[in-house]
Amino acid sequence: MNIYGDTEQEKIIDDLQKWFEENKKLPNKIDRIYLTRFYLRTSKNIEATKKLLEDNFALRSKYPNIFFNRDPESQETRNTADLAYIVPLPGQTPEKERVTLFKLKNTDPEKLHFVDDVKTLIMIYDYCLSMPDLEIQDIPYITEGPIQIIDMQGISMGHVTRTSPKILTVLLQYLQNFCPGTIKGIHLINCPMYVNMMFTVAKPFLKKQIIDVIHFHNDGLGTLCAYVPLELLPLEYGGKAGRLTKIADDILSGIQAKRGYIMDPNYWTIME
């Protein structure tokens, strides 16, 4: 777990921010915490950080339909919020990892609009990655992680047929290669029988590092608790993190409070 504000590290971030703002291959500005996460993902390798930043924003420019023109108050965002919970949970694991939960609210496949939903998912990630993970005695910290929990209950083949293989591939590419945070674990709970078939289809697009951190939990939460303490989960799962609706509402309110940042092209668009 890294302290945001460490003197030596902040000097390096100063230099990286200056390099970023002068680089014609990148947007005009970058959030400081967001920039710090790139530096930490590369194990504090400055040249690797620069390459990761350029690759990240090059991918964004290539697929503007999921990376640009986001609005926390748009109908698209409301539709996704009505479809599913996509919530970073409070607290951290003993290994200092943050946990994010995905769970359907509405199981009707017709409510899935895959491109819009992926755009909202990335917007939520961008918001969360620009915020400290924890504050202890008013000191902000950036933790390890994230760990992703995906509750498969209610997900059907009808949902699978409404996905876009191309956009799914871009999302996986982003998460594996360019996101400013290394995924520590992907845990699928309440898995129906066809999940193994889905995994077989997706496997060729996944790096070994991702395959190695995917875990299937078919018999309740017992095996999940070896990775994520039960108390970190929402009340609906027997945990102590609060109700899902309250956690989701707080996240949406936070994103709306940073609407200006999310919508400002100076942070996201490469000005030709």
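Once all protein chains are placed together, TYR85 keeps about 30 Å² accessible to a 1.4 angstrom probe.
The Rg/Rh ratio for the stretch 42-195, using Cα coordinates for both the radius of gyration and the Kirkwood hydrodynamic radius, is 0.97.
Largest mean-square fluctuation among GLN209, GLN148, GLN137, in a Gaussian network model of the chain whose springs join Cα atoms under 10 Å apart, belongs to GLN137. Projected onto the charge dipole of the chain (+1 at Lys/Arg Cβ, -1 at Asp/Glu Cβ, origin at the Cα centre), which of MET197, PHE67, LEU121 gives the Cα projection farthest towards the positive end? Selected residue: MET197. To put it simply, the accessible area of the chain at a 1.4 Å probe is 54 percent carbon and sulfur. Between ILE12 and TYR194, the simple spin-label model (points 7 angstrom out along Cα→Cβ) gives 4.7 nm. A Förster radius of 22 Å, combined with the Cβ-Cβ distance separating ALA226 from MET131, puts the computed FRET efficiency at roughly 0.20.
Cross-link check: pairs LYS96/LYS207; LYS105/LYS246; LYS103/LYS246 evaluated at a Cα-Cα cut-off of 20 Å; pairs beyond the cut-off: LYS96/LYS207. Of THR120, THR161, THR49, the residue with the greatest mean-square motion in the GNM of the chain, using alpha carbon springs below 10 Å, is THR161.
Note on the stretch 7-62: Kirkwood hydrodynamic radius from all Cα pairs is 11.3 Å, rounded to one decimal.
For ILE186, nonlocal amide neighbours, meaning residues 5 or more places apart or on other chains whose placed amide H falls under 5 Å from its own, are GLN148, ILE214, HIS215.
Working from label points 7 Å from Cα in the Cα-to-Cβ sense, the GLU110 to GLN173 distance is 3.4 nm. Per-residue 3J(HN,Hα) values for the stretch 214-225, derived from phi via the Karplus relation 6.51 cos²θ - 1.76 cosθ + 1.60 with θ = phi - 60°, read 8, 10, 9, 10, 9, 10, x, 9, x, 6, 4, 5 Hz in sequence order (x marks Gly and Pro). Could you please report the charge total around TYR63, scoring K, R as +1 and D, E as -1 over all other residues with beta-carbon less than 15 angstrom from its beta-carbon? Here the charged neighbours net out to +1. Basic side chains Lys and Arg get +1 at the Cβ, acidic Asp and Glu get -1 at the Cβ, and with that the dipole of the stretch 1-142 about its Cα centre reaches some 400 debye.
The C-alpha atoms of the chain define a longest principal axis, and helix 7-22 lies at about 80 degrees to it. When the chain is described by a simple charge dipole with +1 on each Lys and Arg Cβ and -1 on each Asp and Glu Cβ, the residue from TYR34, THR161, PRO180 located farthest towards its positive end is THR161.
Solvent-accessible area per residue in the chain equals 49 Å², computed with a 1.4 angstrom probe and all protein chains kept.
For the chain, the dipole from Cβ point charges (+1 on Lys and Arg, -1 on Asp and Glu) about the Cα centre works out to 660 debye, to the nearest 20. Computed as a quarter of the hull surface, the mean projected area of the alpha carbon convex hull for the stretch 232-272 stands at 3.8 nm².
Solvent exposure of THR169, expressed as accessible area, is near 50 Å², computed with a probe of 1.4 Å over the protein chains only. With the biggest extent put first, the Cα atoms of the chain measure 51, 41, 37 Å across the principal axes. Here the Gaussian network model covers the chain, with springs between Cα atoms less than 10 Å apart; of TYR63, TYR261, TYR127, TYR63 fluctuates the most.
The values are calculated or read from the model by the stated rules, or taken from the named source; none is laboratory data. All figures in this text were calculated on a predicted structure; none of them were measured in a lab. As a convention, Cβ positions derive from the backbone with ideal geometry for all residues, glycine included, and neighbour counts pool all protein chains shown. Calculation scope for accessible area: heavy atoms of the full protein, side chains included, ligands and nucleic acids excluded. Shrake-Rupley method; radii C 1.70, N 1.55, O 1.52, S 1.80 Å.
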